[in-house]
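Chemist: One structure follows; several queries about it will come next.
The values are calculated or read from the model by the stated rules, or taken from the named source; none is laboratory data. What you are looking at is a predicted structure, and each value in this text was computed from that prediction instead of being measured. All Cβ positions, even for glycine, are placed from backbone atoms using ideal geometry, and neighbour counts span all protein chains on display.
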């Protein structure tokens, strides 16, 4: 129960990972519910008259009676953050567009991790968390409106990022990533720099570190095993990379997010 007045009724925050081709079916939003789906990886079609393929950073906003996203290309999938909020009786929420684009993908991933951890930390008021979530989305929506036309991810770049997201636990290299998108290594680098402002190697490291962070916060898997599951045969190399990415050790990170009995509840919803 909220300790503060006029805060949203936050019901759930979780992750959903579809199979190839998308979800089995859409879900209709119940009365008085709002659901936000933030695409963290992969790609999914929107609700336009001529469906547009939306990729990482797309924020879908669903009101009661509307349906969630579901369909991806046959060779792709999507991983999204799901947030459910109930409109309090007699209260109206600000209108939201059906979809908009979160411009800074690194900040988006960081915020998604913070929301997951906060929701599963018992000491934090869920109304406050919900208010923070909505406030940040409003800020990103204003930023979106202020920007020039946002373009969808280049199709070959999407193939490369999908390959990384699906195979990050394997000992893949730049040649493997380039081959997955039928590109040369130099063209691969150029696409990543042009569209994502980072190298393919940086994208791979970030994917591995985000996966490691979720594993450390949500399971009791030994750090050595987490390292192996995230593509690191050498635990020392993993620990150095983790500290550089999160500015704290893997053990400190785990301790910070496992202080409540519910801190390991990160099931997909």
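Chemist: Within the range 228-240, take every residue that is surrounded by fewer than 20 Cβ atoms within 10 Å (Cβ to Cβ) and under 21 Å from residue 117 (Cβ atoms) and give me the one that is nearest to the chain's Cα centre (by Cα).
Modeler: Selected residue: 229.
Chemist: Just checking, which of 170, 141 is assigned by TED's automatic domain parsing to the domain that holds residue 113 and either under 17 Å from residue 112 (Cβ atoms) or assigned to a loop (DSSP other than H, G, I, E, B) (or both)? Give the derivation first.
Modeler: Values: 170 fails: assigned by TED's automatic domain parsing to the domain that holds residue 113.
So the residue among 170, 141 that is assigned by TED's automatic domain parsing to the domain that holds residue 113 and either under 17 Å from residue 112 (Cβ atoms) or assigned to a loop (DSSP other than H, G, I, E, B) (or both) is 141.
Chemist: Would you mention how many residues in the range 32-90 are over 25 Å from residue 116 (Cβ atoms) and touching a helix residue (DSSP H, G or I) at 6+ places or on another chain (Cβ under 9 Å)?
Modeler: So the count comes out to 3.
Chemist: Is it the case that the range 87-100 has a residue that's assigned to a strand (DSSP E or B) and either at pLDDT 95 or above or within 30 Å of residue 181 (Cα to Cα) (or both)?
Modeler: So far as the range 87-100 goes, yes, one or more of its residues are assigned to a strand (DSSP E or B) and either at pLDDT 95 or above or within 30 Å of residue 181 (Cα to Cα) (or both).
Chemist: Among (1) over 24 Å from residue 145 (Cβ atoms); (2) surrounded by fewer than 17 Cβ atoms within 10 Å (Cβ to Cβ); (3) in contact with a strand residue (DSSP E or B) (Cβ under 9 Å, 6 or more places away or on another chain), where does residue 118 come up short?
Modeler: All conditions pass for residue 118, except number (2).
Chemist: May I pose another question? When the residues of the range 218-227 are filtered to those that are surrounded by fewer than 20 Cβ atoms within 10 Å (Cβ to Cβ) and touching a residue at least 12 places away in the same chain (Cβ under 8 Å), which remaining residue is farthest from residue 116 (Cα to Cα)?
Modeler: Ranking the qualifying residues of the range 218-227, first place goes to 223.
Chemist: Here is a follow-up. Which of the following residues is modelled with pLDDT under 90 and not in a loop (DSSP other than H, G, I, E, B): 259, 254?
Modeler: Working: 259 fails: not in a loop (DSSP other than H, G, I, E, B).
None of the others qualify; the one that does is 254.
Chemist: Surrounded by fewer than 19 Cβ atoms within 10 Å (Cβ to Cβ) and either modelled with pLDDT under 90 or within 22 Å of residue 110 (Cβ to Cβ) (or both): which single residue out of 176, 125, 162, 182 fits that description?
Modeler: Going through 176, 125, 162, 182 in turn, just one is surrounded by fewer than 19 Cβ atoms within 10 Å (Cβ to Cβ) and either modelled with pLDDT under 90 or within 22 Å of residue 110 (Cβ to Cβ) (or both): 125.
Chemist: Let me ask something else. Does the range 49-60 include one or more residues that are part of a strand (DSSP E or B), touching a residue at least 40 places away in the same chain (Cβ under 8 Å) and farther than 12 Å from residue 99 by Cα?
Modeler: no
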